[in-house]
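Nothing in this text is a laboratory measurement; each read-out follows from the coordinates by a stated rule. For clarity, every value in this text was computed on a predicted model and none was experimentally measured. Cβ placement follows ideal geometry from the backbone for every residue including glycine, while neighbour counts extend to all protein chains displayed.
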Amino acid sequence: MPLFNDHLTSSGPSNPFPGVRVLERRLGHEIPHQLGSNEGLDMPHSALRRHFGDDMAKHVYSYGDSEALGIRQRLVNQHGFALDELLVDAGCDSLLALVLRATCRSGDCVVATAGTYPTFAYFARGQGCQLIETRYDQTSPSLTHPERTGLAPDLAALADSASRQGARLVYLANPDNPSGHLHSDADITQLRAALPDDCWLLLDEAYNDFRLDAERPGANQAMAGVIRCRTLSKAHGLAGLRVGYAIAEPEVLAVLMKVRIHYAVSTLSQAAAEVVLDHPEETRDHITAVQHRRDTLIAQLESLGADVLPSATNFVALRLPSVELADRVHRDMLSAGRLIARAAHPDLGRLLRITALEDALSPGMLEPLERVL
C-alpha cells in the first residue's frame, strides 16, 4: 500500500467548517436562516449587480458546497463514476499540490519525466521533495500513429528510478504535456505493477477528454495505488473558474480531505460547472471540433516539412532543428503578438507547442514559424 504522511494515518484532522450545504444533507432539511456563519449575507452588492446582474450576485454571498456534490453527481450520471471515488478541487493544479501535501514529506523522493508538465516539478520542490527526472524516450512508436515515433515518457525508466531511489510517488501526464504522447491503459497498468508497493502513481489526465477513446471501459474507475486527476479547464472551457476532480479509492480521498482547503471551489465556479455539465452535447461538439482542428494543423505543418509529434490532446508539438531556432521563432511570434509555448526544460529546448484553436489556422497567423520551415 502506498504511504501517506504519518500524521494523517490516524483519525483527524477533520474539517471544522463543512458548510451549510453539507450540514443540510446531514440533517435532512434546509437551513434558510444562516445566523452563525459570519458571512456578509446582507451586503447589497449594488455595484456587482449593475456590472454582472442579479444571477451573478446570488452566488457570491455564502460559502460553497465543500463536497461539490452537484458536480460529482453530474460526472457520475454522464461518465459512470462511483460518487465516493470523486473529489472536486480548484483545478488539476490544486489536486497535484494536494496529493503532494498528503503523501510526501520534505526530503522524500519523487520521480517524473524531465520536461513534462513543469508545474509538478514546481510543486514538488516547494514541498521540499527530492525530484528525480528521467529522460523522454524518442524511439517509442506512437499509440495514435504507430508508423511514427513520438516523444514519450519512458515508463520503464520511471519504474526503475522509483525502485532504485525508494520513491514516494511517480508523476505521469497521460496524454503528456508538452509532447502530446499517449500511453495505453495496458501501459499504465503495467507501470503501476512495476512500481514499489509503497509508491504512489499520480496520473495527470488533464487531456483525457481529447483521446479518441475517452469513454473506453475502465477509463473512469479508481485504481489501487493510483490517484487520477482531471480538469474542466480544457474540453469544458472553464480554466478561469478553476474546477478539477480526482478519481481514487474512497479511503484515499478521505485522507486527501484532511489537508484540503474546504472552500477552494467557489460557489460561482460550482454553479457554472453544473450548467456546462448539464449540456454535454456542447462539450462533445467542442471536442470533435478541436480534434478536427488538431488534425488540420498537423497536416498543415507537415506539408511545410515540420517535424510534428503525434498528439492526443488539444495542442500540437513540433521539433525545430535547433534550440536557437526554436528560441528565435518563439520570440518572433511574441513580437507579432502571438503566444505559442516553448518548452522550458533544457532537454526539450527545440520543442514548440501550438494550441489547436481556430485562430491558429488563420492565414498568416504562424508566418514567423512558416518562414523557417
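Take Val20, Val275 and order them by how many other Cβ atoms sit within 10 Å, fewest up front. Don't jump to the answer; show the numbers that get you there.
Working: Val20 20, Val275 10.
Ordered from fewest to most neighbouring Cβ atoms within 10 Å, Val20, Val275 come out as Val275, Val20.
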### Query
Out of region 266-326, which trypsin sites (Lys or Arg not before Pro) are coil in DSSP terms and have no more than 12 other C-beta atoms within 10 Å?
none
### Task
Would you mind ranking Ser161, Ser311 so that the residue whose beta carbon has the fewest other beta carbons within 10 Å leads the list?
Ser161, Ser311
### Message
Skipping prolines and chain starts, which residues have an amide H placed within reach, meaning under 5 Å, of the one on Thr231, given they are 5 or more residues away or on another chain?
### Response
Tyr245
## Note on the structure
The longest stretch of the chain containing none of the GluC sites (Glu not before Pro) that sit in a DSSP loop with at most 15 other Cβ atoms within 10 Å is 216-373
### Message
With unit charges on the beta carbons (Lys and Arg positive, Asp and Glu negative) and the dipole taken about the Cα centre of region 143-262, which residue among Ala254, Tyr171, Gln221 sits farthest to the positive side?
### Response
Ala254
### Structure-derived Rg and Dmax of the Cα atoms in Å - corresponding label in [x] 22.0, 67; [y] 25.5, 84; [z] 28.6, 97
[x]
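Using the scaling law 2.2 N^0.38 Å as the reference, what is the normalised Cα Rg of region 281-370? Please report the intermediate quantities before stating the final value.
Details: Rg = 13.2 Å, N = 90, 2.2 N^0.38 = 12.2 Å.
Scaled against compact globular proteins, the figure is 1.08.
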### Task
Enumerate the calculated ³J(HN,Hα) couplings along region 357-367 in order (Karplus 6.51 cos²θ - 1.76 cosθ + 1.60, θ = phi - 60°), each rounded to whole Hz, writing x wherever the residue is Gly or Pro.
8, 4, 4, 5, 8, 5, x, x, 4, 9, 3
### Query
Taking 0.36 nm per intervening residue step and subtracting the Cα-Cα distance, what contour gain separates Gln130 from Leu304 on full extension?
58.4 nm
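Would you calculate, for the chain, the mean residue ellipticity at 222 nm contributed by helices, counting each DSSP H stretch of 4 or more residues as -39,500 (n - 2.57) and dividing by all residues, to the nearest 500? Intermediate results must be reported in sequence, preceding the final value.
Numbers: 13 runs with 132 residues, N = 373.
Roughly -10500 deg cm²/dmol at 222 nm, from the helical runs in the chain.
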### Message
Can you give me the C-alpha center-to-center distance between region 337-359 and region 229-269, rounded to a whole angstrom?
### Response
27
#### Entry: Simple label model, 7 Å out from Cα along Cβ direction - Glu249 to Asp198, nm
1.7
### Query
Which loop chymotrypsin sites (Phe, Trp or Tyr not before Pro) in region 70-178, with loop taken from DSSP, have no more than 14 other Cβ atoms within 10 angstrom of their Cβ?
none
### Query
GNM, the chain, Cα, under 10 Å: largest mean-square fluctuation among Asn174, Asn38, Asn208?
Asn38
### Task
Subtract the Cα-Cα distance of His29 and Asp55 from 0.36 nm times their separation in residues, and report this length gain in nm to one decimal.
6.9 nm
